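Beneath this line is the structure, given in structure tokens, with notes to follow.
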Amino acid sequence: MLVKQTTFICILLIIMMNGCRSKKEVSATEGVLNLKTEREFFASFHENTLRYNTLSARLRFDIETSSGKSVGSRGQLKILKDDRLQLSVQPMLGIEAIRAELTPDSIKIVNRLNKWYMAEDFNNIKGNVAIEFNFSNLQALLTNRLFLPGEKELAVEHFNLFRWEQTQTGYTLRTNDRTGFMYTFSSDASEKLYSTDIKDRESPFSLNCEYSNFQPVDRQLFPMRINLRLNAENMTQYSLFLDFSQVEIDTPLSLNFQIPADYRQVGLQQILQSFDIQ
């Protein structure tokens with residue numbers, strides 16, 4: 001059961017890469033004074049965005065379902081910016097059970113306990129559905145960064161593509177992509193991004209991401225807790241809680257990924273069916 005549930009973390013990444021929707025009310029924060037003008041906010045927010053070339057962290061994650069089931073494990077996350085992302089699931093004594101690797105073009109998963117692997121090209125997964133949310137957007141979602149759907153990097157000139165609004169607790173930025181998905185980013189008065197929501201009226205999926213417990217890492221603030229909530233019609237609802245520790249920025253990374261010759265290959269649909277996700 002533990003291996004099956006932890007495999008879902010990897011599948012959650014696939015689902016986010018294939019479009020999702022989210023809806024959540026903006027939560028309140030404290031200490032709101034002297035809100036900036038739109039121009040001042042954009043310039044300062046861009047300057048304070050997390051900067052890194054590599055990022056690694058130990059993880060404690062917990063998965064909860066709407067049916068009341070829950071499971072937890074430990075793992076490790078490694079990101080080589082704009083190149084690849086690796087997630088290692090280590091439920092027992094640091095022994096790796098699952099490793100997943102995402103690149104801008106593909107996803108691979110190895111299950112060492114059951115000796116199977118999956119390797120899929122994103123073009124095959126997406127089929128003929130045009131979706132703006134890409135690898136760079138997922139990378140930004142997991143590192144507390146603002147992003148523009150479909151873009152590799154956010155530049156100052158992109159800010160005119162967001163609808164900006166002051167709130168009683170901070171700031172809200174909204175934008176749409178060409179497929180109709182709506183993105184809402186909420187920042188507090190100190191310009192920390194604490195919520196990202198993605199929504200599409202035509203999609204059965206919803207996704208909400210919340211950031212909390214900000215701590216200094218290499219003189220930058222990083223959220224040591226990320227909560228992801230995935231919902232869909234006619235499907236069990238999942239919540240994924242990520243608690244980070246030992247976060248390191250711009251240290252050398254080893255990102256090996258090998259598939260043993262005796263492992264059997266499985267398809268994405270086989271894995272999705274085990275979670276009733278199709």
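The values are calculated or read from the model by the stated rules, or taken from the named source; none is laboratory data. No experiment lies behind these values; they were computed from the predicted model shown. Backbone-built Cβ (ideal geometry, glycine too); neighbour counts: all protein chains shown. Surface areas here come from the heavy atoms of the whole protein model, side chains and all, with no ligands, DNA or RNA. Shrake-Rupley method; radii C 1.70, N 1.55, O 1.52, S 1.80 Å.
Being touching a residue at least 40 places away in the same chain (Cβ under 8 Å) and either of a type outside the set (D, E, K, R) or assigned to a strand (DSSP E or B) (or both) is the filter here, so list the residues in the stretch 135-154 that pass it.
Within the stretch 135-154, 135, 136, 138, 139, 141, 142, 143, 144, 146, 154 qualify.
Tally time: how many residues in the stretch 162-179 are loosely packed, with under 14 Cβ neighbours inside 10 Å and in contact (Cβ under 8 Å) with a residue 12 or more places away in the chain? Before you say what the answer is, go through the steps one by one.
If we filter the stretch 162-179 for residues that are loosely packed, with under 14 Cβ neighbours inside 10 Å, which is where we start, we get 163, 165, 168, 178.
Still in the list and also in contact (Cβ under 8 Å) with a residue 12 or more places away in the chain: 163, 168, 178.
Counting residues in the stretch 162-179 that are loosely packed, with under 14 Cβ neighbours inside 10 Å and in contact (Cβ under 8 Å) with a residue 12 or more places away in the chain gives 3.
Surrounded by fewer than 18 Cβ atoms within 10 Å (Cβ to Cβ), in contact (Cβ under 8 Å) with a residue 24 or more places away in the chain and either at negative phi or in contact with a Phe, Trp or Tyr (Cβ under 6 Å, 6 or more places away or on another chain) (or both): is that true of residue 113 in this structure? Walk me through how you get there before you give the answer.
Details: surrounded by fewer than 18 Cβ atoms within 10 Å (Cβ to Cβ): yes; in contact (Cβ under 8 Å) with a residue 24 or more places away in the chain: yes; either at negative phi or in contact with a Phe, Trp or Tyr (Cβ under 6 Å, 6 or more places away or on another chain) (or both): yes.
When the stated conditions are applied, residue 113 passes them.
How many residues are in a loop (DSSP other than H, G, I, E, B), of a type in the set (S, T, N, Q) and under 18 Å from residue 37 (Cβ atoms) if we restrict to the stretch 157-209? Explain how you work it out, then say what you get.
Keep residues of the stretch 157-209 that are in a loop (DSSP other than H, G, I, E, B), which gives 162, 167-169, 177-181, 189-192, 200-204.
Among the residues that remain, those that are also of a type in the set (S, T, N, Q) are: 167-169, 179, 190, 203.
Cutting the leftovers down to under 18 Å from residue 37 (Cβ atoms) gives us 167-169, 190.
Counting residues in the stretch 157-209 that are in a loop (DSSP other than H, G, I, E, B), of a type in the set (S, T, N, Q) and under 18 Å from residue 37 (Cβ atoms) gives 4.
Specify the residue that is modelled with the highest pLDDT; the eligible residues are those in the stretch 227-252 that are open to solvent by less than 50 Å² (accessible area, probe 1.4 Å) and in a loop (DSSP other than H, G, I, E, B).
Per the criteria, the residue is 251.
Among the listed residues 54, 49, which satisfies the condition of being over 26 Å from residue 108 (Cβ atoms), at pLDDT 80 or above, open to solvent by less than 50 Å² (accessible area, probe 1.4 Å) and in contact with a Lys or Arg (Cβ under 8 Å, 6 or more places away or on another chain)?
Values: 54 fails: over 26 Å from residue 108 (Cβ atoms).
Going through 54, 49 in turn, the sole match is 49.
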